[in-house]
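The values are calculated or read from the model by the stated rules, or taken from the named source; none is laboratory data. Note that the structure is a prediction, hence the values are computed from the model and not measured. Reconstructed Cβ throughout: ideal geometry from the backbone, glycine too, with neighbour counts over all protein chains shown.
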Amino acid sequence: DGGITQSPKYLFRKEGQNVTLSCEQNLNHDAMYWYRQDPGQGLRLIYYSQIVNDFQKGDIAEGYSVSREKKESFPLTVTSAQKNPTAFYLCASSTPDRDELFFGSGTQLSVL
Amino acid sequence: AQRVTQPEKLLSVFKGAPVELKCNYSYSGSPELFWYVQYSRQRLQLLLRHISRESIKGFTADLNKGETSFHLKKPFAQEEDSAMYYCALLAAVDSSYKLIFGSGTRLLVRP
């Protein structure tokens with residue numbers, strides 16, 4: 001079953017804690033993305049990676065970090081520096097011509 | 001600045017009525033635009049892309065460079081069209097590309 005898998009579905013963070021959201025794809029896509037979805041604000045780009053071992057900051061990268069050690073994996077860490085982390089996080093990957101993004105089912109992060 | 005604007009948060013129409021979801025963009029290069037849709041309890045997915053000039057599920061969208069718009073239209077709305085719709089712009093940034101989304105419009109089709 002090809003696609004993008006995000007885990008966990010729900011995640012809770014305590015104050016001062018770092019948490020990591022997992023994103024795995026078996027579509028053999030080079031490019032992967034992390035978006036944050038807030039009500040009324042649409043999707044905002046956090047980080048993106050065009051190729052293994054390379055990534056760029058998106059529009060709201062502060063308080064987040066990523067790694068791209070493998071083509072299939074693009075984990076996102078929400079650090080304690082992110083003061084408003086409660087949101088729905090979407091991971092995506094794209095076809096080589098960037099013609100279409102395929103999305104995961106998302107992770108809802110909440111602060112305890 | 002690269003930006004996508006969807007001015008309506010909610011659009012409510014009756015079944016059978018025409019639908020137009022507005023999208024305006026700001027981009028200095030040659031734009032590539034898309035509409036994505038998210039049905040209830042489903043993943044966000046591509047609806048259509050301007051470059052292929054296709055009609056999907058009865059929806060069409062024409063790129064108007066003069067008005068910098070890419071409005072999504074359907075002549076007769078169906079209840080199953082109720083969903084969240086996002087307009088998106090593929091923007092070149094240095095040697096890479098990123099997809100910029102608008103804030104989305106929720107379409108509600110009433111019976």
(request) Give the range B:78-111 a look and list any residue that's touching a helix residue (DSSP H, G or I) at 6+ places or on another chain (Cβ under 9 Å) and β-branched (Val, Ile, Thr), or say none. (result) B:109
(message) I'd like to know if the range A:56-67 contains one or more residues that are surrounded by 20 or more Cβ atoms within 10 Å (Cβ to Cβ) and either in contact (Cβ under 8 Å) with a residue 60 or more places away in the chain or out of contact with any Leu (no Cβ under 8 Å at 6 or more places or on another chain) (or both).
(response) no
(request) Could you name every one of the strands (runs of 3 or more DSSP E) located completely within the range B:15-111 that has at least 1 residues being within 10 Å of another protein chain (Cβ to nearest Cβ)? (result) B:32-38, B:45-49, B:83-93, B:96-101, B:105-110
(message) Looking at the range A:89-107, can you tell me whether even one residue there is away from chain B (no Cβ under 12 Å), surrounded by 14 or more Cβ atoms within 10 Å (Cβ to Cβ) and touching a residue at least 12 places away in the same chain (Cβ under 8 Å)?
(response) yes
(message) Any residue at all in the range B:40-62 that's closer than 20 Å to residue B:110 by Cβ and touching a Ser or Thr at 6+ places or on another chain (Cβ under 8 Å)?
(response) yes
(request) Go through B:72, B:10, B:46 for me and flag whichever is among the aliphatic types (A, V, I, L, M), free of Cβ contacts under 8 Å to residues at least 40 places away in the same chain and touching a strand residue (DSSP E or B) at 6+ places or on another chain (Cβ under 7 Å). (result) B:46
(message) If I filter the range B:1-14 down to residues being part of a strand (DSSP E or B) and either within 17 Å of residue A:94 (Cβ to Cβ) or within 12 Å of another protein chain (Cβ to nearest Cβ) (or both), which single residue comes out as modelled with the lowest pLDDT?
(response) B:3
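Can you tell me how many residues in the range A:54-112 are among the aromatic types (Phe, Trp, Tyr), in contact with a Phe, Trp or Tyr (Cβ under 8 Å, 6 or more places away or on another chain) and in a strand (DSSP E or B)?
Of the range A:54-112, the ones among the aromatic types (Phe, Trp, Tyr) are A:55, A:64, A:74, A:88-89, A:102-103.
Narrowing the set further to residues that are in contact with a Phe, Trp or Tyr (Cβ under 8 Å, 6 or more places away or on another chain) leaves A:55, A:64, A:74, A:89.
Cutting the leftovers down to in a strand (DSSP E or B) gives us A:55, A:64, A:89.
Number satisfying all stated conditions: 3.
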(message) Can you find a residue that is of a type in the set (Gly, Ala, Ser) and either in contact with a Ser or Thr (Cβ under 9 Å, 6 or more places away or on another chain) or surrounded by fewer than 14 Cβ atoms within 10 Å (Cβ to Cβ) (or both) anywhere in the range A:25-40?
(response) yes
(message) Given the condition touching a residue at least 12 places away in the same chain (Cβ under 8 Å) and polar (S, T, N, Q), answer yes or no: does some residue in the range B:84-98 qualify?
(response) no
(request) Could you figure out which of (1) within 14 Å of chain B (Cβ to nearest Cβ); (2) part of a strand (DSSP E or B); (3) under 30 Å from residue B:7 (Cβ atoms) isn't true of residue A:49? (result) (3)
(message) Taking the conditions exactly as written (in contact (Cβ under 8 Å) with a residue 12 or more places away in the chain and either more than 30 Å from residue B:94 (Cβ to Cβ) or touching a helix residue (DSSP H, G or I) at 6+ places or on another chain (Cβ under 6 Å) (or both)), does residue B:17 satisfy them or not?
(response) yes
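Assess whether residue A:55 counts as being farther than 23 Å from residue B:103 by Cα and at the interface with another protein chain (Cβ under 10 Å from one of its Cβ atoms).
Details: farther than 23 Å from residue B:103 by Cα: yes; at the interface with another protein chain (Cβ under 10 Å from one of its Cβ atoms): yes.
Yes, satisfied.
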(request) Look at the range A:17-35 and say how many of its residues are within 13 Å of chain B (Cβ to nearest Cβ), over 13 Å from residue A:6 (Cβ atoms) and either without any contact (Cβ under 8 Å) to a residue 60 or more places away in the chain or among the charged types (D, E, K, R) (or both). (result) 1
